[in-house]
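Please read the structure below before turning to the comments.
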There are 2 protein chains.
Amino acid sequence: MITQTQRDRAIEYAWGLCQRIGLPLRAEERGQIEVTDLGLGEFETTGLIILTLTVTREIGIKLIALYPWQVCPEHRHPPQGDYPGKEETFRGLWGQAWLYLPGEPTPDPHARVPGHRRAYYTSWREVDLTGGGMATSPPNEWHWFGAGAEGAVILSVSTRPTDLQDAFRDPGVQRRTVIVEG
Amino acid sequence: MITQTQRDRAIEYAWGLCQRIGLPLRAEERGQIEVTDLGLGEFETTGLIILTLTVTREIGIKLIALYPWQVCPEHRHPPQGDYPGKEETFRGLWGQAWLYLPGEPTPDPHARVPGHRRAYYTSWREVDLTGGGMATSPPNEWHWFGAGAEGAVILSVSTRPTDLQDAFRDPGVQRRTVIVEG
């Protein structure tokens with residue numbers, strides 16, 4: 001769960017950052033910002049701020065803002081009937097960020113995973129998204145990502161989102177976020 | 001056809017513009033810039049500069065740079081076998097730009113169409129892409145777009161590109177660009 005204050009602060013952070021880096025947003029898009037701690041209750045460490053720019057029947061375009069060293073935990077987008085699952089391409093727009101995919105583990109990876117959740121991070125092939133770095137996570141493949149010391153803004157372009165069906169390694173994750181007063 | 005000088009100048013323009021507006025590009029992406037006059041031989045008026053960021057089996061992500069008042073002429077992305085044709089979402093990243101779609105014509109549209117090609121522009125429902133404006137052109141639907149006085153940078157996110165199969169209203173258009181010395 002996150003408090004209303006945490007949520008307001010996160011929206012202000014993401015909105016201000018996009019303005020500052022010259023990414024034009026329409027006023028009404030502020031209301032489309034989703035703030036989630038993924039149910040883990042440690043939002044500043046594990047969570048993400050998502051501005052969905054558009055979702056059609058075929059594609060989704062999102063901006064993802066991360067606090068300094070914040071991570072989105074390991075997950076995959078499983079098949080749904082005839083749909084093989086969401087394919088997702090990430091591109092760094094601002095700040096340092098890294099995407100982690102299955103494969104040969106990168107020595108000395110940059111992102112910081114909370115020690116007590118380390119067991120739920122198994123993909124360690126690091127792709128640097130910094131400065132226009134880009135990579136695609138195929139449908140149903142595990143992946144996670146995190147920001148560096150300044151925080152980050154990442155562009156996510158995908159096939160049709162099925163967010164509520166995302167499968168996370170960490171059994172504590174809940175995709176629906178509870179917001180409490182405070 | 002365009003000359004090598006026109007091509008070099010266009011690449012320099014698009015590359016410099018992206019740097020100036022803070023859109024991070026990787027050095028090797030400069031080589032992915034396509035400059036096309038669509039065979040009409042009046043590049044500064046009708047043409048476009050395309051930086052393909054990625055194409056997967058499912059999606060395409062491109063940056064499109066336009067010179068001041070330059071237009072991309074009316075076209076559609078036809079079906080190919082089982083594929084219904086490319087769906088394309090446009091979002092303005094910098095400068096003024098407008099997208100034109102079928103439907104109720106907008107009085108006093110902003111973009112400037114070359115008078116001698118006016119007959120090949122039939123869609124006049126204007127969508128303002130300026131300042132984060134966004135719209136989606138469904139598969140096989142006619143559309144065209146143009147920039148304002150400063151030029152523009154547009155983000156194009158689509159389902160799988162099939163560019164060489166694009167159908168243009170103007171019979172003079174050729175999707176493959178001829179580059180000559182000069």
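The values are calculated or read from the model by the stated rules, or taken from the named source; none is laboratory data. For clarity, every value in this text was computed on a predicted model and none was experimentally measured. Ideal geometry is used to build each Cβ from the backbone, glycine not excepted, and the neighbour counts take in all protein chains shown. Ligands, DNA and RNA are excluded from the accessible area calculation, which covers all protein heavy atoms including side chains. Shrake-Rupley method; radii C 1.70, N 1.55, O 1.52, S 1.80 Å.
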What percent antiparallel are the DSSP beta bridges of segment A:46-95, to the nearest 5? 90
Which percent, to the nearest 5, of DSSP beta bridges fully inside the protein assembly as shown are antiparallel? 95
Mean separation of Cα contacts under 8 Å, 6 or more apart, over the residue count of segment B:69-154: relative contact order %: 50
Have a look at A:F145, A:M134, A:V173 and report the one farthest towards the positive end of the charge dipole of segment A:111-182, computed about the Cα centre with Cβ charges (Lys/Arg +1, Asp/Glu -1). A:V173
Which residue fluctuates the most in chain A, going by a Gaussian network model with Cα springs under 10 Å, if the choices are A:A152, A:A27, A:A97? A:A27
Can you compute the FRET efficiency between A:E12 and B:R30 using 1/(1 + (r/R0)^6), with r the Cβ-Cβ distance and R0 = 56 Å? Round to the nearest 0.05. 0.95
I'd like to know which of A:G22, A:L63, A:L51 lies farthest towards the positive end of the charge dipole of segment A:1-137, counting +1 on Cβ of Lys and Arg and -1 on Cβ of Asp and Glu. A:G22
The simple spin-label model distance between A:T54 and B:N140, using points 7 Å out along Cα→Cβ, in nm, is 2.0
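With N set to the residue count of chain A, report its C-alpha Rg divided by 2.2 N^0.38 Å to two decimal places.
On the way: Rg = 15.3 Å, N = 182, 2.2 N^0.38 = 15.9 Å.
That works out to 0.96 for chain A.
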Residue-by-residue Karplus 3J(HN,Hα) for segment B:39-44, coefficients 6.51, -1.76, 1.60, Hz, glycine and proline x: x, 8, x, 9, 3, 5
Distance from segment A:27-75 to segment B:122-182 (C-alpha centre basis), Å: 30
Between B:T106 and A:R20, the two model label points (7 Å from Cα along the beta-carbon direction) sit apart by a distance in nm of 3.3
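Nearest-5 percent of antiparallel DSSP beta bridges in chain B?
Values: 43 of 46 bridges.
Given both bridge residues lie in chain B, the antiparallel proportion sits at roughly 95 percent.
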Using amide H atoms built in the peptide plane, which far-off residues or other-chain residues are under 5 Å from B:N140 H to H? B:H77, B:K86
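Let me spell out the model: positive unit charges on the Cβ of Lys and Arg, negative unit charges on the Cβ of Asp and Glu, origin at the Cα centre of segment A:46-182. What dipole size does that give, in debye rounded to 20? Don't skip to the answer; put the middle values down first.
Details: 13 positive and 15 negative charges, 47 e Å.
The calculation lands at about 220 debye.
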Other-chain or far-sequence residues with amide H under 5 Å of A:A97's (modelled H): A:L129, A:T130, A:G148
At 1.4 Å probe size, with the rest of the protein present, what percent of the exposed accessible area of the protein assembly as shown is carbon and sulfur atoms? 49
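Quote the relative contact order of chain A in percent (integer), defining contacts as alpha-carbon pairs under 8 Å separated by 6+ residues. Please report the intermediate quantities before stating the final value.
Numbers: 452 pairs, mean separation 57.0, N = 182.
Normalised by residue count, the contact order of chain A is 31 percent.
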Restricting things to Cα coordinates, could you compute the convex hull volume per residue of the protein assembly as shown in Å³? 150
Minimum 10 Å² accessible area buried by the other protein chains, segment B:38-82 residues, probe 1.4 Å, relative to alone: B:L53, B:T54, B:T56, B:E58, B:I59, B:I61
By the gyration tensor of its Cα atoms, with a ≥ b ≥ c the square roots of the eigenvalues, what is the shape of segment A:89-150: rounded for a/c under 1.5, prolate for a/b over b/c, or oblate? oblate
³J(HN,Hα) across segment B:147-154 via Karplus (A = 6.51, B = -1.76, C = 1.60, θ = phi - 60°), whole Hz, x for Gly/Pro? 9, x, 5, 9, x, 7, 10, 10
Could you grab the relative contact order for segment B:18-126? Cα pairs under 8 Å, six or more apart, rounded to a whole percent. 18
Can you run phi through the Karplus equation (6.51, -1.76, 1.60; θ = phi - 60°) for segment B:105-120 and list ³J(HN,Hα) in whole Hz, with x for Gly and Pro? x, 7, x, 6, x, 7, 5, 10, 9, x, x, 6, 10, 3, 5, 9
